[in-house]
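Beneath this line is the structure, given in structure tokens, with notes to follow.
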Amino acid sequence: MLTPSLERLIAELSRLPGVGPRSAQRLAFHLLKAPNERTLALAGALTQMSERLRPCSRCFSFAEDELCPICQDQRRDRTLLCVVEEPSSILPIERTHEYRGYYHVLGGALSPIDGIDPGDLRIDELVRRVDAEGVTELIVATNPTMTGEATALYLSDLLRGKVQLTRLASGLPVGADLEYADELTLGRALLGRRVLE
Amino acid sequence: MTDGHPWRVHDLEITDVRCWNHLSIEIPNGLVVLCGPNGAGKTSIIEALVIATLGVSPRTSQLGELIRASASVMRVTGTFSESRAHDMTQHREIGYASGVGRRLSIDGAPVRQLAQWRRPSSVLVFMPEELRAVKGPPAARRRGLDRLLEAMVPGFSEHLSGYQEATTQRNALLRRARSTGIDPASAFAWETRMATHGAVVVQSRRDAITELRPRFAFWLEALGGGSGGVLELESSPSNLCAVDNDALVASFVEQFARLRPRDLAAGLTTTGPHRDDIWIGIGDRDLRRLGSQGEQRTAALALLLAHRDLLRAAGSGPILLLDDVLSELDPGRRQALLAALTGDEQVILSSADPDVSFADLPAETTIFQVRDGVCHV
Ligand SMILES: [Zn+2]
């Protein structure tokens, strides 16, 4: 009973995280019943996103111009740089209102079993920024997971002597990504950050 | 922690396990003797109790081997309680179907992870045909000790799995560095994580051995195994510095870094807590390799009782499952063993002796006759 275009939509929807074939079907039928302009608006948003979004040339978060909105903001504190694994970690840190520096997105964490070595992350770019931008404190906000902790250790060894390295205080849920931490806990962990030896 | 939380099994139902087509029994407290000829299925009842608590068999690593010859699915269910005072009962179920795999549930609710289902402190098992705790590979001895620590030391299993995860990462890095020539310098990050978790693992194992040692020596002698019983943790690497946790971490970091060229050539981590062993001996004689069958049996039993003592002291009372334990003990040692079992725990032992010295057994002993596919009081 499904037409080819409907089948294609369901197939695409079921690739989304947390969406199984059944909920993909439900979503597809919901979209079918929605007014035409709503589905076209959704399609337009998707097209615009994939056409316009690109990595920020400085921090590698999402940008639509050369620089992302945060890197464009001249009023932030140039001496502070916060290293995260993915752009998704930036939003929860911003929501705490406890941080006024800039960010650097590594694009993941070290994980040899998945074939991710230092050369696969934006670590060279990070070293260059630390040298060039007058950074005095580097906050290592990789996730409190095995791979995030190992990445923090690697960075602290690599950049020791060049810059003061700090790590978020403990108290964050161990084994989970930063994006799942609530603002209050994350804000406290930021304020209580400790110097990495 | 001082209040005991003794484990009890109240009933057990077995479907298509080894020789059993179907068996349903109620198991009372105190001493329970399964009595019957060899091959009647006594050991399989004990095995089923282990499976119902730990999810693994002490006799095989393949649950599929347990499925009765003409069946395709086996199932073990049982009602257990953790504490007499609070009467916390749970209905546990494990099933295994060839080609489908294992299914676990507690009180009817499916449990996906074995770690969430298994109860490492709830049973201790002795099987004369499986003396792996004494003469098996190092991994078998380590596993027995780690199971004890999992039950006794909060956070131990997280540190153990953290150590294993970091080691797996380091091994993957070394293997790729060996084949592609990439710089293995980032290995130190994994080595630091291995050291942090490994130090806790090793210190916990050392502490447990210190606690077990006098108890093992005591029971070995009481059961006629002779005096001078010794347990020692054989740490890997053997020259670990040990004064405190920080020194242990530093020592691990240094050793892993120093051995990196050798490990790089091997493509794996050649030393560390994953290579620890436990020396079991009398004086300086190694019972693991040089002990007679009888000595190894006695040592396994003494080790089991030492574990029992420690779990009890920590407030947990395991069910003791002792397969064919009386047959090779002389009357004096039988008495010593039975005297050791008069605590408030539940003990299930099997015997093929048709006239098991009933005179020796405490008056409140329950005797099941196991023969011809039935089991009755
Ligand atoms: Zn940016």
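Structure data summary
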{"quantity": "Sites matching chymotrypsin sites (Phe, Trp or Tyr not before Pro) across the range B:46-136 that sit in DSSP coil, with at most 10 neighbouring C-beta atoms within 10 Å", "calculated": "none"}
{"quantity": "Theoretical gain in end-to-end length, A:E64 to A:E51 [0.36 nm per residue, Cα-Cα removed]", "calculated": "3.8 nm"}
{"quantity": "Theoretical FRET efficiency, 1/(1+(r/R0)^6), r = Cβ-Cβ of B:Q293 and B:D372, R0 25 Å, to 0.05", "calculated": "0.25"}
{"quantity": "Distance (nanometres) between label positions extended 7 Å along Cα→Cβ at B:T180 and A:F29", "calculated": "4.7"}
{"quantity": "Principal axis box of the range A:78-167, alpha-carbon based, largest edge first, Å", "calculated": "35, 29, 18"}
{"quantity": "Semi-axis lengths, Å, the range B:1-104, gyration tensor of Cα atoms, sqrt of 5 times eigenvalues", "calculated": "25, 17, 11"}
{"quantity": "Efficiency of FRET from Cβ geometry, B:E328 and B:D284, R₀ 45 Å, rounded to 0.05", "calculated": "0.95"}
{"quantity": "Cβ-based net charge around B:G78, under 10 Å, with every Lys or Arg adding one and every Asp or Glu removing one", "calculated": "-2"}
{"quantity": "Cα gyration tensor shape for chain B, rounded if a/c is under 1.5, else prolate or oblate", "calculated": "prolate"}
{"quantity": "Principal axis dimensions, the range B:130-316 - Cα atoms, whole angstrom, descending", "calculated": "58, 34, 28"}
{"quantity": "Candidates per chymotrypsin sites (Phe, Trp or Tyr not before Pro) in the range B:247-305, loop by DSSP, up to 11 other Cβ within 10 Å", "calculated": "none"}
{"quantity": "Among B:P261, B:P318, B:P237: highest mean-square fluctuation, GNM of chain B, C-alpha pairs under 10 Å", "calculated": "B:P261"}
{"quantity": "Highest-MSF residue in chain B out of B:L212, B:L361, B:L301 [GNM, Cα springs under 10 Å]", "calculated": "B:L361"}
{"quantity": "Rounded to 5, the percent of DSSP beta bridges in the range A:82-197 classed as antiparallel", "calculated": "25"}
{"quantity": "Sorted by Cβ density within 10 Å, fewest first, the residues B:S122, B:S57", "calculated": "B:S57, B:S122"}
{"quantity": "Inter-label distance for B:E129 and B:T89, nm, one decimal - labels placed 7 Å from Cα along Cα-to-Cβ", "calculated": "3.3"}
{"quantity": "Calculated FRET efficiency for the pair A:D73/A:H97, C-beta based, R₀ 22 Å, to 0.05", "calculated": "0.95"}
{"quantity": "Alpha carbon centroid spacing (whole Å) that separates the range B:168-182 from the range B:25-78", "calculated": "44"}
{"quantity": "Neighbour count of at most 16 Cβ within 10 Å plus DSSP loop: longest trypsin sites (Lys or Arg not before Pro)-free window in chain B", "calculated": "B:113-377"}
{"quantity": "Value in Å of the Kirkwood radius, where chain A supplies the Cα pairs that are averaged", "calculated": "18.9"}
{"quantity": "Label-point gap, in nm, between B:A140 and A:E133 - each point 7 angstrom along Cα→Cβ", "calculated": "5.8"}
{"quantity": "DSSP bridge pairs, chain A: antiparallel proportion in percent, nearest 5", "calculated": "30"}
{"quantity": "GNM flexibility winner over chain A from A:V140, A:V83, A:V174 (Cα, springs under 10 Å)", "calculated": "A:V174"}
{"quantity": "Among beta bridges that DSSP assigns inside chain B, antiparallel share in %, nearest 5", "calculated": "70"}
{"quantity": "Cα gyration tensor shape for the range A:17-104, rounded if a/c is under 1.5, else prolate or oblate", "calculated": "prolate"}
{"quantity": "Relative contact order [Cα under 8 Å, 6+ residues apart], the range B:130-316, whole percent", "calculated": "31"}
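Throughout, read-outs are computed from the coordinates displayed, never taken from laboratory work. The model shown is predicted, which means the values in this text are computed figures rather than measured ones. Here the Cβ is made from the backbone with ideal geometry for all residues, glycine too, and neighbour counts use every protein chain on show.
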